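Student: Encoded as structure tokens, here's the structure I'll be asking about.
The values are calculated or read from the model by the stated rules, or taken from the named source; none is laboratory data. Owing to the predicted nature of the structure, the values given are computational and were not obtained by experimental measurement. Here the Cβ positions follow ideal geometry from the backbone for every residue, glycine too, while neighbour counts run over all protein chains shown.
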2 protein chains.
Amino acid sequence: MPTSPVSTMSNEQSGNPISLKDLTIDNITDNVHAINAQCSDERLRFILERTVAHLHDLARETRLTTAEWMTALQFLTKVGQTCTDVRQEFILLSDVLGLSLLVDSIDHPTPPNATESTVLGPFHTHEAQETPNGGSISQDPNGEPCLVIGTVKDTLGRPIDGVKIDVWETDSGGFYDVQHADRDGPDGRAIFTSDARGGFWFKAIVPVPYPIPNDGPVGELLKKLNRHPWRPSHMHFLLEKPGFETLVTALYRRGDPYEKTDAVFGVKESLIVDITKVSDPAMAEKYGVSPDCALMQYDFVMVGKEEATQLRVDKASEAGVARANLP
Amino acid sequence: MPTSPVSTMSNEQSGNPISLKDLTIDNITDNVHAINAQCSDERLRFILERTVAHLHDLARETRLTTAEWMTALQFLTKVGQTCTDVRQEFILLSDVLGLSLLVDSIDHPTPPNATESTVLGPFHTHEAQETPNGGSISQDPNGEPCLVIGTVKDTLGRPIDGVKIDVWETDSGGFYDVQHADRDGPDGRAIFTSDARGGFWFKAIVPVPYPIPNDGPVGELLKKLNRHPWRPSHMHFLLEKPGFETLVTALYRRGDPYEKTDAVFGVKESLIVDITKVSDPAMAEKYGVSPDCALMQYDFVMVGKEEATQLRVDKASEAGVARANLP
């Protein structure tokens with residue numbers, strides 16, 4: 001018989017004997033809460049209590065059958081086993097259920113004059129190279145060249161210099177570099193730095209719509225739901241500077257056929273941009289592109305760290321969450 | 001650009017345009033419901049709607065942070081990746097959260113005079129050999145020999161013959177056969193058949209308490225929760241016969257130190273048995289054991305298929321679930 005550490009059981013130590021016997025549909029939830037209440041991490045205890053409550057309510061409300069429960073566990077197992085170093089199927093599942101956008105909205109309340117955040121998605125990597133302004137992020141000869149010009153300011157309109165601007169987009173086929181098995185280094189991604197006027201500019205390709213990876217269990221789920229896997233054309237931006245709230249966002253191309261049915265719910269009107277043409281010969285010469293090169297422009301507004309933290313505290317307090325995980 | 005099947009999108013086909021743009025903490029849930037309502041499988045649609053509602057409420061109630069969300073996704077990924085042909089970590093997770101026992105209780109309502117069901121657990125296999133009554137299920141020389149004698153009757157007290165009785169238990173070290181990497185076939189499991197009087201009997205070993213596998217992510221979770229991983233001593237039974245509701249249950253040894261703190265919440269008073277001694281020399285001779293051999297006896301009562309189905313319908317109706325998955 002294995003050694004039994006019964007004498008060190010915390011529920012006995014605490015002088016609060018718990019009896020987990022004869023549990024039924026009606027009393028099991030409270031008893032699971034009771035045994036989990038032994039956890040000394042208050043935040044974990046709170047999140048787990050709410051998780052168990054919702055999970056149990058879900059089973060009770062749907063009168064979940066053993067066969068359905070097993071189907072769900074096998075689905076989740078497959079989601080986990082589809083994950084690799086360069087593919088995160090659980091993030092994808094969270095994305096298509098709207099959870100990712102929701103958590104982003106909760107964690108990044110934005111004052112009215114600041115740039116809205118949106119979903120990070122599963123394709124950000126840490127391979128992007130720091131590149132001087134004016135450099136190119138894409139080596140795809142089939143992409144339509146696009147000049148990107150931006151600025152970064154604070155909520156009072158003052159330029160912010162030294163912001164790291166991490167940018168990534170797909171190639172013209174709708175695939176990120178990490179989705180190509182035979183790739184020999186990063187492509188479609190780079191990191192720029194804003195100058196003294198808060199400005200940055202680079203050469204890219206016009207973003208295209210693409211389907212999220214749909215050859216795994218999340219793709220199968222979408223098919224069963226009669227949902228398409230497409231995301232509208234967009235370019236990702238991650239802006240970072242000490243003293244400011246990190247901004248994870250994306251710019252969407254106006255008029256994309258999937259603008260209103262993004263498979264991962266990421267589109268916001270304030271992040272939709274017109275892609276125009278450079279046109280002006282002087283501007284074309286200044287940036288070293290042809291006048292008929294596509295042009296995307298955007299002025300980002302970052303929120304100070306303190307302001308963002310205060311906003312998060314206020315929103316949690318409004319929502320009545322006393323045990324939110326706040327600084 | 002990849003081919004865009006936008007013209008065949010079901011939401012457009014249905015003449016019910018959905019706009020998934022500018023989604024916020026407050027409106028995202030209804031919009032995810034709206035896009036998922038395209039699913040033609042009514043039961044899946046219902047379960048998914050409740051799943052999304054609970055998942056989103058959980059995030060809102062806890063003001064879940066991006067870091068916590070990522071921790072949860074990484075945990076679930078690890079749970080999936082810990083699963084193998086002979087280990088199901090997601091069932092284990094469901095077990096320690098009380099979900100398995102809850103689903104079993106929902107799916108197997110039991111009339112007062114029938115044997116209660118309990119959790120199947122992750123160690124049932126399809127390798128057990130059909131064995132004549134009187135045979136032995138254990139080859140473990142270190143186990144304490146135990147004679148098991150049982151009967152199977154219906155709810156009116158009539159014996160049921162021809163019931164397949166699938167039995168499994170750990171060895172004396174607390175491990176199921178599949179947990180030994182070097183095993184050369186099934187051990188600690190066999191299938192018996194009830195005779196004309198509803199009787200069956202076999203030789204086994206006295207069950208011992210054992211920890212559920214705790215070297216994976218579920219074990220880590222239990223440690224963080226300050227919970228022990230032990231299950232009280234028990235023997236599993238799965239009884240099957242056409243025309244009767246399949247009975248998945250287990251018998252627990254009275255007085256086990258973990259009787260009231262089972263890590264997976266499976267113990268029910270009606271399933272606790274005294275393990276006595278054979279004592280009577282005539283009985284010992286009849287069953288070919290020594291008089292001081294341990295003895296476990298139990299009379300199982302199975303529910304007819306029709307009665308079980310009607311009970312399930314009544315319980316779902318009481319619970320107000322119109323869309324339960326019922327025959």
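Student: With the condition kept exactly as written, say whether any residue in segment A:221-229 is more than 30 Å from B:Leu58 (Cα to Cα) and either modelled with pLDDT of 95 or more or touching a strand residue (DSSP E or B) at 6+ places or on another chain (Cβ under 8 Å) (or both). Break it down stepwise before answering.
Tutor: Here is the first cut: in segment A:221-229, the residues more than 30 Å from B:Leu58 (Cα to Cα) are none.
No, segment A:221-229 contains no residue that is more than 30 Å from B:Leu58 (Cα to Cα) and either modelled with pLDDT of 95 or more or touching a strand residue (DSSP E or B) at 6+ places or on another chain (Cβ under 8 Å) (or both).
Student: Continuing with this model, one more query. Looking at (1) surrounded by fewer than 14 Cβ atoms within 10 Å (Cβ to Cβ); (2) at pLDDT 95 or above, which is the only condition A:Thr131 fails?
Tutor: That leaves (1) as the condition not met.
Every residue, every condition in (1) outside any helix (DSSP H, G or I); (2) at pLDDT below 95, yes or no:
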site: B:Ser7; (1), (2): no, yes
site: B:Lys21; (1), (2): yes, yes
site: B:Val32; (1), (2): no, no
site: B:Glu49; (1), (2): no, no
site: B:Leu55; (1), (2): no, no
site: B:Leu58; (1), (2): no, no
site: B:Phe90; (1), (2): no, no
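Student: Find the strands (runs of 3 or more DSSP E) located wholly in segment B:233-327 whose residues include 2 or more that are under 17 Å from the mean Cα position of the chain (by Cα), and list them. Before the answer, list the steps.
Tutor: Numbers: elements: B:234-240, B:247-253, B:294-302.
Because the criterion is at least 2 residues that are under 17 Å from the mean Cα position of the chain (by Cα), the strands (runs of 3 or more DSSP E) in segment B:233-327 that meet it are B:234-240, B:247-253.
Student: Looking only at segment B:252-260, decide whether some residue is out of contact with any Asp or Glu (no Cβ under 9 Å at 6 or more places or on another chain) and without any contact (Cβ under 8 Å) to a residue 12 or more places away in the chain.
Tutor: yes
Conditions (1) surrounded by fewer than 18 Cβ atoms within 10 Å (Cβ to Cβ); (2) in contact (Cβ under 8 Å) with a residue 40 or more places away in the chain; (3) within 25 Å of the chain's Cα centre (by Cα), marked per residue:
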{"position": "A:Ser40", "(1), (2), (3)": "yes, no, no"}
{"position": "A:Ile47", "(1), (2), (3)": "no, no, yes"}
{"position": "A:His56", "(1), (2), (3)": "no, no, no"}
{"position": "A:Leu76", "(1), (2), (3)": "no, no, yes"}
{"position": "A:Val86", "(1), (2), (3)": "yes, yes, yes"}
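Student: Going by what's in this entry, would B:Gly162 be described as away from chain A (no Cβ under 13 Å), modelled with pLDDT of 95 or more and at positive phi?
Tutor: Working: away from chain A (no Cβ under 13 Å): yes; modelled with pLDDT of 95 or more: yes; at positive phi: yes.
Considered against the rule, which asks whether it is away from chain A (no Cβ under 13 Å), modelled with pLDDT of 95 or more and at positive phi, B:Gly162 comes out as yes.
Student: Also, I was wondering about something else. Give the residues of segment B:179-209 that are within 14 Å of chain A (Cβ to nearest Cβ) and in contact with a Ser or Thr (Cβ under 6 Å, 6 or more places away or on another chain), sorted by residue number.
Tutor: From segment B:179-209, those within 14 Å of chain A (Cβ to nearest Cβ) are B:179, B:205-209; that's our starting set.
Within segment B:179-209, B:Ile205, B:Pro207, B:Val208, B:Pro209 meet the criteria.
Student: Turning to a different aspect of this structure: Taking the condition of being touching a strand residue (DSSP E or B) at 6+ places or on another chain (Cβ under 7 Å), more than 15 Å from B:Asp184 (Cα to Cα), of a type outside the set (Val, Ile, Thr) and assigned to a loop (DSSP other than H, G, I, E, B), how many residues in segment B:123-144 meet it?
Tutor: 7
Student: Output yes when any residue across segment B:179-197 is of a type in the set (Lys, Arg) and assigned to a loop (DSSP other than H, G, I, E, B), and no when none is.
Tutor: Kept after step one, since they are of a type in the set (Lys, Arg), are these residues of segment B:179-197: B:183, B:189, B:197.
Checking which are assigned to a loop (DSSP other than H, G, I, E, B) leaves us with B:183, B:197.
The answer is yes, given that some residue of segment B:179-197 is of a type in the set (Lys, Arg) and assigned to a loop (DSSP other than H, G, I, E, B).
Student: Mind listing whichever residues of segment B:210-252 are among the polar types (S, T, N, Q) and within 12 Å of chain A (Cβ to nearest Cβ)? Working first, answer last.
Tutor: Step one: of segment B:210-252, the residues among the polar types (S, T, N, Q) are B:214, B:226, B:233, B:246, B:249.
Matches in segment B:210-252: B:Asn214, B:Asn226, B:Ser233, B:Thr246.
Student: Let me ask something else about it. Scan segment B:154-164 and tell me whether some residue there is in contact with a helix residue (DSSP H, G or I) (Cβ under 8 Å, 6 or more places away or on another chain), part of a loop (DSSP other than H, G, I, E, B) and not charged (D, E, K, R).
Tutor: Of the residues in segment B:154-164, the ones in contact with a helix residue (DSSP H, G or I) (Cβ under 8 Å, 6 or more places away or on another chain) are B:155.
Next, only the ones that are part of a loop (DSSP other than H, G, I, E, B) stay: B:155.
Checking the rest, the ones that are also not charged (D, E, K, R) come to B:155.
Looking for residues that are in contact with a helix residue (DSSP H, G or I) (Cβ under 8 Å, 6 or more places away or on another chain), part of a loop (DSSP other than H, G, I, E, B) and not charged (D, E, K, R), one finds at least one in segment B:154-164, hence yes.
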